[in-house]
Amino acid sequence: MISGNVWGGTGSSLPTPVPLSRGLRLHLLLLAVLLSLLAFIYWWYPSDAAAETDAAPAAVAAMVAAASGVFVAETRRKPKPVWRNYTVAKGDTLSGLFQRQGFGGSTLQQVIAAGQAAVPLANLRPGGELRFRVDEKGQLLAVSHAPGDLDTLMMESGSDGWQAGVRHLKPTPHTVVKNGSVDGALSPSLRAAGITSGMAAAFVKIFHWKVNFRRDMRPGATFAVIYQQLMQNGKEVGQGPIEAAELTNAGKVLRVYRYENGKGGYGYYTAEGYSLEPSILRTPLRYTRVSSTFSRHRWHPILHIWRPHYGVDLAAPAGTPIKAAANGVVKYIGRASGYGRLIELENMGAYSTRYGHMSRFAKGLKKGDPVRQGEVIGYVGQSGEATGPHLHFEIRIHGKPYPPLKVKLPDSASLPKKLMSNFQQTIQPLLAVLTDPDSDSSRQRLAALDEQPLSTARVDQGNNKRDL
Ligand SMILES: [Zn+2]
């Protein structure tokens, strides 16, 4: 009731030169009563933690605030704990900072005793945010540490000593379309449009089955990519995968959409539900040139006789990795006369593929092993009858060889029919944005996509690294 007495009385004791009107006196009296009530509650609930559990003080404070701002300020008699913010500078150490903040060495030891969780504090990174919660006596109550944009380490002093916890912030997805035209090489053009080099590589990977980017690109080619940026405090801290991509080149438009393939994985599919990836790779390695083509009659360079050549020879430096041309099972692995080191894969249906002249096989690969398309099964060499390092590659149907560069291949993987109607519904807004990326309606469509995280957007690994 002390604060009440300061303002108490009827007004006659106040040194006012002009007598107060009755109304003003009543007004002051009312305020005094309110203030007394507030002061009482304030003393009753000394800690702000307790105050938060009861709505009454807040309500009173609001009433007083409505009456006059002065009184609210006046009632802050007892200093509350405050947060002191600090940005870590180069060379800062925790002990140095504790010293400068005036916290004793024992406090530092208690914080460190919290164990593994305190490790990030010991490895302060310049630019990181440190916050100290300090009571009126300058005692440290809590430390929070945000080394990056995502996770915040929070340590608080409690009855059982210092406790630590990590708060993971959830970035907000922001769906964007980036588009432009290819001016010169593709990758710099993509980067000029604000596409990261990682995403540019993903773009190339999607379309390289249909387009040879070094040979086939024509002036006027354009591209567009839709993906989700992950935003934290207005900064991009990560990105999701490409959700939809378009490449227009030489009058042809290629568009694909990322979609769950029904087997737990994701793939890129055209609006008709087809993958751009061929069912069988015609050239399952990075080769330098085709050194010999398929022929039913060929003058053999070593045997000097007419003999058919049942595959294609793809010259490449010794040691170049050779990939499985399609999913399959190892039917043969070992030496086979003229073939040298040979692998034969049994692929889908009646198809099989042969890989000859290898210098060595992939480690541990044996007969009966399943292999996936693109998996490295061996390395280029010149074992068997070969004049230089190359891969002899065959595609066979029912055991009969066909020219690998020309044979008609089975259809590419396609989405299961039962997924098609949902797929086509899902891609509608993406298709609309790709065809008209800069319109208002596209902006609205992209904003609507923010609400439903598209697929498996991930935070950049670099930013997500934790010291914990
Ligand atoms: Zn050959």
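The values are calculated or read from the model by the stated rules, or taken from the named source; none is laboratory data. Not measured: the values here are computed from a predicted model. As a convention, Cβ positions derive from the backbone with ideal geometry for all residues, glycine included, and neighbour counts pool all protein chains shown.
Remarks
- Restricting the first member to segment 387-406 and to residues that are in the same structural domain as residue 360 (by TED's automatic domain parsing), and the second to residues that are basic (Lys, Arg) and within 14 Å of the ligand (Cβ to nearest atom), the beta-carbon pairs closer than 6 Å and six or more apart or on different chains are 394/354.
- For segment 384-391, the condition holds for at least one residue, the condition being that it is within 14 Å of residue 285 (Cα to Cα), within 16 Å of the ligand (Cβ to nearest atom) and not hydrophobic (A, V, I, L, M, F, W, C).
- Taken together, the residues in segment 160-180 that are part of a loop (DSSP other than H, G, I, E, B) and exposed (fewer than 14 other Cβ atoms within 10 Å of the Cβ) amount to 2.
- Residue match in segment 335-352 (condition: acidic (Asp, Glu) and either out of contact with any strand residue (DSSP E or B) (no Cβ under 8 Å at 6 or more places or on another chain) or more than 13 Å from the ligand (Cβ to nearest atom) (or both)): yes
- Qualifying residues in segment 398-415 (those that are closer than 30 Å to residue 301 by Cβ and buried (at least 16 other Cβ atoms within 10 Å of the Cβ)) - the one farthest from the ligand (Cβ to nearest atom): 409
- Failed item, numbered, when residue 191 is tested on (1) without any contact (Cβ under 8 Å) to a residue 12 or more places away in the chain; (2) closer than 30 Å to residue 451 by Cα; (3) not assigned by TED's automatic domain parsing to the domain that holds residue 215: (3)
- Residues satisfying the stated conditions in segment 309-322, i.e. within 15 Å of the ligand (Cβ to nearest atom) and in contact (Cβ under 8 Å) with a residue 24 or more places away in the chain: 310, 311, 312, 313, 314, 315, 316, 322
- Scanning segment 353-367 for residues that are within 16 Å of the ligand (Cβ to nearest atom) and aromatic (Phe, Trp, Tyr) yields one hit, 355.
- Some residue of segment 181-203 being over 30 Å from residue 107 (Cα atoms) and part of a strand (DSSP E or B): yes
- Segment 374-388, subset surrounded by 20 or more Cβ atoms within 10 Å (Cβ to Cβ) and not aromatic (Phe, Trp, Tyr), residue nearest to residue 259 (Cα to Cα): 377
- Residue check for residue 328: buried (at least 22 other Cβ atoms within 10 Å of the Cβ) and away from the ligand (no atom under 16 Å from the Cβ): yes
- Test: residue 371 is away from the ligand (no atom under 14 Å from the Cβ) and aliphatic (A, V, I, L, M): yes
Each row is one residue, and each column tells you yes or no for (1) of a type in the set (A, V, I, L, M, F, W, C); (2) touching a Leu at 6+ places or on another chain (Cβ under 8 Å).
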| residue | (1), (2) |
| --- | --- |
| 247 | yes, yes |
| 261 | no, yes |
| 275 | no, no |
| 310 | no, no |
| 327 | no, no |
| 334 | no, yes |
| 343 | yes, yes |
| 350 | yes, no |
| 354 | no, yes |
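- Applying the condition of being in contact with a helix residue (DSSP H, G or I) (Cβ under 9 Å, 6 or more places away or on another chain) and of a type outside the set (Asp, Glu) to segment 233-248 and asking which residue is farthest from residue 447 (Cα to Cα) yields 247.
- Those residues of segment 111-143 which are touching a residue at least 60 places away in the same chain (Cβ under 8 Å) and under 28 Å from residue 171 (Cα atoms), in sequence order: 116, 117, 119, 120, 123
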